[in-house]
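What follows is calculated from the coordinates using simple rules that are stated; it is not laboratory data. Nothing here was measured: the structure is a model prediction, and the numbers come from that model. Don't worry about glycine lacking a Cβ; one is built from the backbone with ideal geometry, like all the others, and counts go over all protein chains shown.
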Amino acid sequence: MDTPCFSSWSNEFQHHARQFRQLTQGFLHQLQLLGATWIPAQRFAQADDGTFSGIRKWPLKPIFWTFFWQTAQAGASCGDAVRQARAICTSQAQPLPADQSGLYCTARSKLTLGGLDSVHRDLVQNAQAQILEGNLWSGYRMLALDGTCFTMADTPENQAVYPQPSVQKPGCGFPIARLLAFFRLRTGLIRDWITDNWHQHELGLLPRLLEVVRRGELLLADRGFGNFCGAGPVH
């Protein structure tokens, strides 16, 4: 299969990846300043009751940005994340969060999937809004398709839905999930994704993900998806 245009697309991805690493290798306050223009402030409104009402040492806004910073660093520990959060609070004369990584981890676990998904949608929509019509490829918005596997916390609930490999000795492995995702080629951001257990092939997941392809979008995938025939093109 001949893919003469793939090199330019691949370079575009690498460019975005390098930019992200450069922007997130600094301090927590730099990442927060960068992201504040992309995420509405109301996403971090502290509720009087609910999940974060009893964690005053780690309110919603600092726990989100601290966790965001930690996930963007290669090998950053929870202790590193706490020190970053305390440093920014000290510089801004704000109350310091608790100096125990255990309390940080407890607060971090309270972040809801719905809340994180809302932030993600804000980022994707705001980034897409910056793309001019002239930057489209032949008038199309380009999506790239790819998949991977990842491990999760070893809990009975996760093991039941995402079992570990059968060759793994019981009690020694972690639940494994398969992820299939659409990336915005111009921004490098994941737009939509779907997960299942690792026994499920990516081709089996693709029909469920194709439901979110929109008018005016063109899908780019490797030759592993070349033998899939869908119900018809999206116009």
Check your understanding: Rg(Cα) of segment 137-223 divided by 2.2 N^0.38 Å?
Key -> 1.31
Check your understanding: Dipole magnitude of segment 137-223 about its Cα centre, charges +1 at Lys/Arg Cβ and -1 at Asp/Glu Cβ only, in debye to the nearest 20?
Key -> 360 debye
Check your understanding: Under 22 Å from the Cα of Lys110, which lysines turn up, not counting those fewer than eight places away in the same chain?
Key -> Lys57, Lys61
**Study point:** Whether segment 99-181 is rounded, prolate or oblate, judged on the alpha carbon gyration tensor where a/c under 1.5 counts as rounded
**Key:** oblate
